Structure formats: C-alpha cells, structure tokens
Amino acid sequence: MDAIAERLRAELAAAGYTVDGVAERLGAQANNALARNETTLAYRETASGDPIDTMIRLFLLQRSVPEATVSKAFPQTSEKLLALGIITAEGDEVRAAVDIRPYAEDERQWWVVADLTPGLDGRREPMRPDYVLGIAPASLSLVKLTVPIKAEKALDIGTGCGIQALHLTDRVNHIVATDVNKRALQLTQWTAALNGIELDLREGSLYEPVNTERFDLIVSNPPYVIAPPSDGRLTYRETGFAGDAVVEQLVRRAPTHLTEGGWCQLLANWTCIRGQDWRERIADWTGDRAAWTVQREQLDPAEYVELWLRDAGLHGRPEYTSRYDAWLRWLEDQQVEAIGMGWINLRNLPGTLDAEEWPYEIEQPIGPHVLDRFERREGLPDDLTGLHLTVAEDVVQETAGQPGAEDPATIVLRRQRGMRRAEHADTVLAGFVGACDGDLSVGQILDALGSLLERDDVHADYLPKIRNLVVEGFLDY
Ligand SMILES: C[S@@+](CC[C@H](N)C(=O)[O-])C[C@H]1O[C@@H](n2cnc3c(N)ncnc32)[C@H](O)[C@@H]1O
C-alpha cells in the first residue's frame, strides 16, 4: 500500500487537489454551496476534464466520471485504486467508493480517507452500520480542545478516519489509534499511508487493545449517542453500552492508562437524571483526579432524539415517528430529563472536579487555555498573599449605572480570550484588580483596602475571589 499511496499522493499534489486548490477551482459561491452539501454549482465549475476537476467530481461531488478521464487524472494508480475498492467501475464510468478529501491546518496539508459524505443535494440515504465518519464539526471541536503538549505516547480511542491521530503526529512520538470497526482501521491505514505517517493501529473496544500501557495523552471523540439498543445501530456514534456508560468507562479507567500528570480529553454526552445533579455523577467518575468538565449545551429528550434521527438520515422516512416514539419512551423509562453535551478533561494528578455550564462563545482553539487553566489551578500556592499579580492584557472593565451616580450599579470584568469569562465585581474587588500592577503583593493591597474601608474581613472575603480570577486568567502571577 505504501508505494501506491506515495504515487497517489504525488498525483493528488500534482493536480493541486488541496484545500486552496479546490477553493480556487470552484470559486467562493460553489465552494460555499458544497460546504452546505449542494453540488450543482461545483459540477458546473469542474467541466474541463483536468485532473483536479476529476478528483473533485469523484470524491467531493460523488459523480461518475468516464474511465478514460479517470486514467488521465491517476495515470499511475487508477488500476490499483480499482483493485483496492477506492473507486469502482460501472460500465465505462467510474465512481468513488470512499471519500478522499484535502484537509489543512496552518501550513500543514493532508488528505483524509473516510466514507462518502451522506446527504449531498438533500439525498436521504441511511448509512451502513460500519459507516466511517469523515471530518465532522465534533472532530474539529476535539482537535481544538486538545492541549498543545509534546508527548512520547498518545492514544486515540475510536479513531474513525484518523483525524485526531493526524493532528497529533507533529508532537507525539508514538500514536496508538484504536477502533472496534475494522473498516475504520482500514480507512485510517489509508489516511496514514497517504500522508506518509506512522500510526500503531489496533482493533478493540475502549482500553482493551492497550492492556496495561500508559499514555501521556488520551483523546477520544467516542460514540457517545445515548440511544436504545436497536438493529440499526451505527458504530460511529452508538455502542450498545447502557445510557452514557461508554463515557463513564472511558473516564473511570483513564487514570490506569495515564502517566503521572497525563491528560485524558473527551467529547461527551451525559444523561441528566431526574432528582440527581449531573455534576455529582461526573464527579463520581473522575474520583480523586484533577478534572474540568464543561457542559456546552443541554437538550431536552425530544430535541436530542430529533437531532440524532436527522443525523442518521431518518427524518421523513416511514419509520421516523415509531423510532422517535420508542427512543423517547426509552429515555423516559430511565428518568432522563435532559442530556448534557460537552467536554471532560482529566489530568492524572490528585484533585477534584470543576463542573460548569458554559454555553457562550469561546476562543478557538481552546486547548492552550485548558492547559493554562489546569496549570494555574494545580500550581497556585495555598497562600496567595505573597504573590505580586498583574492584570492580563485582554481584561476589560465594563461599568453600568445611573448617570451621575457616585458608584456604578454593576461592574463586570471581562476577558476577551480563552473561555471569554465575565465576572461580576464589587467596588472592592474592582479596586483590588485595578491595583494589580505587580508592585504590591496581594496581602499588601488587601491590607490597604481593609484600612481604607475600615474592614478587617477583606482577606477572608476576597482571597477566594482572587484565586478564581487567577485560575480564570484575569490576573497573572
Ligand atoms: C464519533 S466517531 C469519531 C471518529 C474520529 N475519532 C473523529 O474524531 O472524528 C467514534 C468512533 O469510535 C468507534 N467506536 C465505536 N465503538 C467503540 C468502542 N467500543 N471502542 C472503541 N471505538 C469505538 C467508531 O467506530 C468510530 O470510529
């Protein structure tokens, strides 16, 4: 495969089949329409018969192309691509059987192999159970969440088309990528070969393929959809584990597969059970390890069922309402009143769980901020009074109140970066932050404020708030 992959890579590159090359060939309107799964305009723009047009029509538009034109685009590999089942012949015409898609980040150019994108031009096609998902918005969320550390060994659980593993290649020496789906491992093997990278691919469920090995970083965009057992289960999103047990297992077992200080980062869905606080359930999973979970969105059961039935291409099909009803009943039977969607970050260090709802816009990539927040939380001394703090450059203060009033009615400190936090401050806290220019220590500023206000409780009242401002990056130390 490697020799063919090398030739194929050369053909794709020579044709200019890159993210920029495709955008340039299609033009903005057709390219944007294609991002919305509409191919009509892109088909118009690719009539020249050039190799790049052939590649776009085959892989991105899923159109058939005359065999002679395909041979011209892939002079060295077309026979092999047919033999490998990457393209298939129908009479004199050829079609793609899988998607080969250019993908780029900063200066890096890759091609990713996955199953064909469903739903082009509004077609409703139920997916094969072993469907291998391409680069999805969730995949990119995890890419952006991943902490930018250099590591010796990383594990990508449920690698799919290999997108997470691909992103780790320039900073991790040894990457183990696993999947239960043989087809996913096959397509990831092609992704790796096409990009000239080495992955240690292993078949099996969750941590099974890694036995007692430990990793500096574990990432997973797991099949977290909380769905009833059914014959039509899609491996890329459902496991058959009860409720959110797949996420629970990944989290609970992570510490035994992490090096000291190692990271586990997951995208997840979790059930919010009537009468229970979802934070407590996740705290039980993370145990005595340092962890941070953020619920980015919460859906009620009906919204959840609609989302995933649509995702499977079932909206408008005859079985839609019966599947909807059965799924909803199954959630009701388990007392699920909502489903949380978000991230779980765990570090293999002693600590506790910080759990929060934060549905607001954040800076992307958020990974560097996740790293920074853990370092601040774990690294701050118990006693802050000796620290000399400065205000982070991105902090702005917003005040509101009656015109002419002596003091503002509300003061909000807002960060422009990271989680884009906003914290309400009273005049004392705002005064404290205003005095943080690195000159006086925390203790000295609090003492000065205490004597000014004739209060002897400012240390007790404000030190926890100051700690929070440092952890959240408003104040640097
Ligand atoms: C949502 S896809 C994510 C694919 C890819 N990592 C990404 O970020 O786009 C989940 C993947 O997990 C795999 N999977 C399903 N059940 C699994 C299990 N029990 N253990 C490991 N992987 C599993 C699926 O085959 C699929 O490739």
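Any read-out appearing in this document is the output of simple, stated calculations on the displayed coordinates, not a laboratory observation. Predicted, not measured: the structure shown is a model, and the values here were computed from it. Using ideal geometry, Cβ is built from the backbone for each residue, glycine included, and neighbour counts are taken over all protein chains shown.
Computed from phi, the 3J(HN,Hα) profile of the stretch 3-15 under the Karplus parametrisation 6.51, -1.76, 1.60 (θ = phi - 60°) reads 5, 5, 4, 4, 5, 5, 4, 5, 5, 5, 5, 4, 6 Hz, with x in place of Gly and Pro. Using the Stokes-Einstein relation with a Kirkwood hydrodynamic radius computed over Cα pairs, the translational diffusion coefficient of the chain at 10 °C and a viscosity of 1.306 mPa s comes to 63 µm²/s. Based on the Cβ-Cβ distance from R108 to D284, what FRET efficiency comes out when R0 is 45 Å, to the nearest 0.05? In this case the efficiency is close to 0.70. Find the percent of Cα-Cα distances in the stretch 137-379 that exceed 26 Å, and round it to a whole number. So the portion of pairs separated by more than 26 Å is 38 percent. Specify whether the C-alpha gyration tensor of the stretch 354-477 places it in the rounded, prolate or oblate class, a ≥ b ≥ c being the square roots of the eigenvalues: rounded for a/c under 1.5, otherwise prolate if a/b is larger than b/c and oblate if not. It is oblate, given that a/c is not under 1.5 and a/b is not larger than b/c.
If you average the sequence gap of Cα pairs under 8 Å that are 6 or more apart and divide by the length of the chain, what percent do you get for the contact order? About 10 percent, as a whole number. Rounded, prolate or oblate: which fits the stretch 2-110, taking a ≥ b ≥ c as square roots of the Cα gyration tensor eigenvalues, rounded meaning a/c under 1.5, else prolate when a/b beats b/c? Taking the square roots of the gyration eigenvalues as a ≥ b ≥ c, the stretch 2-110 is oblate. With a Cα cut-off of under 25 Å and a minimum spacing of 8 residues unless on different chains, the lysine pairs in the chain number 4.
Note on R108, R57, R279: ascending count of other Cβ atoms within 10 Å places them as R108, R279, R57, the fewest first.
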